[in-house]
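Each remark here refers to the structure printed beneath this line.
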Amino acid sequence: MKRDAAAPTLQSFLAFDFGTRRIGVASGTRLLGAAEPRGTIRSGDFEAIAALIRTWQPDALVVGVPRHPDGAPHEMTAKAQNFGRRLAGRHHLPVFEVDERYTSVEAEAEGAHDVDAAAAALILEQFFREHPHE
């Protein structure tokens, strides 16, 4: 997975808030710098992910990678990174990691109806802030 700056030619993205039961999905474009929640799918449903990729035709994918508050990895860190590697292998798209501490808490605080999808949108917007137009 890529951890370096996103090339400016990458404009459309799908983002994933990985969980062991559910995966939140959001889409967005670098041009607008904003993301929209697109729903939640069952974890491991790579057919649903493939359908989303066919529908949205993103240039790249973004995966939220959780960590402890001090930045140390934990069990879910490795699982999210593995999910990202599987996405890259199956779909041959660049996959970027974003530190996603507290996105679900923030989505809940904002009153999101679909917390996982809202968290994915927050992850993608964080990615846009960390990798602005170049």
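The values are calculated or read from the model by the stated rules, or taken from the named source; none is laboratory data. Every value quoted in this text rests on a predicted model; they were computed, and no experiment measured them. We place every Cβ from the backbone using ideal geometry, glycine too, and count neighbours over all the protein chains shown.
A single member of Ala15, Ala34 is within 24 Å of Glu108 (Cβ to Cβ), modelled with pLDDT under 95 and in contact with a helix residue (DSSP H, G or I) (Cβ under 9 Å, 6 or more places away or on another chain), and it is Ala34.
Name the residues in segment 29-45 that are in a strand (DSSP E or B) and free of Cβ contacts under 8 Å to residues at least 40 places away in the same chain, would you?
Those that are in a strand (DSSP E or B) and free of Cβ contacts under 8 Å to residues at least 40 places away in the same chain: Thr29, Ile41, Arg42.
Of the residues contained in segment 61-82, one or more are found to be part of a helix (DSSP H, G or I), surrounded by 15 or more Cβ atoms within 10 Å (Cβ to Cβ), without any contact (Cβ under 8 Å) to a residue 60 or more places away in the chain and out of contact with any Gly (no Cβ under 9 Å at 6 or more places or on another chain).
Got at least one residue in segment 34-48 being touching a Phe, Trp or Tyr at 6+ places or on another chain (Cβ under 8 Å) and of a type in the set (A, V, I, L, M)? The answer is yes, given that some residue of segment 34-48 is touching a Phe, Trp or Tyr at 6+ places or on another chain (Cβ under 8 Å) and of a type in the set (A, V, I, L, M).
Only residues that are part of a loop (DSSP other than H, G, I, E, B) and acidic (Asp, Glu) were counted in segment 88-134, giving 4.
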